[in-house]
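Read the structure below first, then the notes.
Throughout, read-outs are computed from the coordinates displayed, never taken from laboratory work. Bear in mind the structure is a predicted one, so any value in this text is a computation, not a measurement. So basically every Cβ, Gly included, is an ideal-geometry build from the backbone, and we count neighbours across all protein chains shown.
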Amino acid sequence: MTDLHSDAANPDVHHETTDINIRGVFAFGVGLIVVAVFIHFGVWILFRLLADQHAQRGVPEYPLAATQEKRLPPEPRLQPSPPEWRTPREDLRDFRQKEDGILTNYGWADKNAGIVRIPISEAMKLTVKRGLPARKDSNDAR
């Protein structure tokens with residue numbers, strides 16, 4: 001039986017040397033890497049230059065905004081206090097404290113009608129104790 005890998009024993013068998021220029025392929029690869037390094041370096045320099053220009057430029061002053069510094073927006077205002085006095089975070093904290101006070105304390109919902117509000121925990125206990133109202137079954141009416 002003949003061995004397929006016995007090319008080393010046959011001195012007349014060689015690889016094709018004219019199909020591709022190895023030196024040209026390696027030169028192209030090295031050139032590609034050099035060009036890529038120059039492009040990355042150029043982009044980095046451009047980025048640094050533009051970042052410095054942006055930092056020096058500062059915040060733009062719009063003409064209409066400059067003349068209306070103390071003007072409040074029309075009603076209804078979503079933020080009760082003007083932004084110069086309080087931050088939205090402070091307004092939200094106060095709003096949540098007010099809502100929590102309403103939800104956890106007794107008080108009048110409508111004093112003239114005699115309607116009171118109770119804390120949520122008490123309302124849940126009463127709901128569990130009394131149960132929820134249910135509709136009558138429609139089959140019972142027939």
Summing +1 per Lys or Arg and -1 per Asp or Glu among the other residues with Cβ less than 13 Å from Arg93's Cβ gives -1
Given 122-135, 94-107, the highest-first ranking by average Cβ count within 10 Å works out to 94-107, 122-135
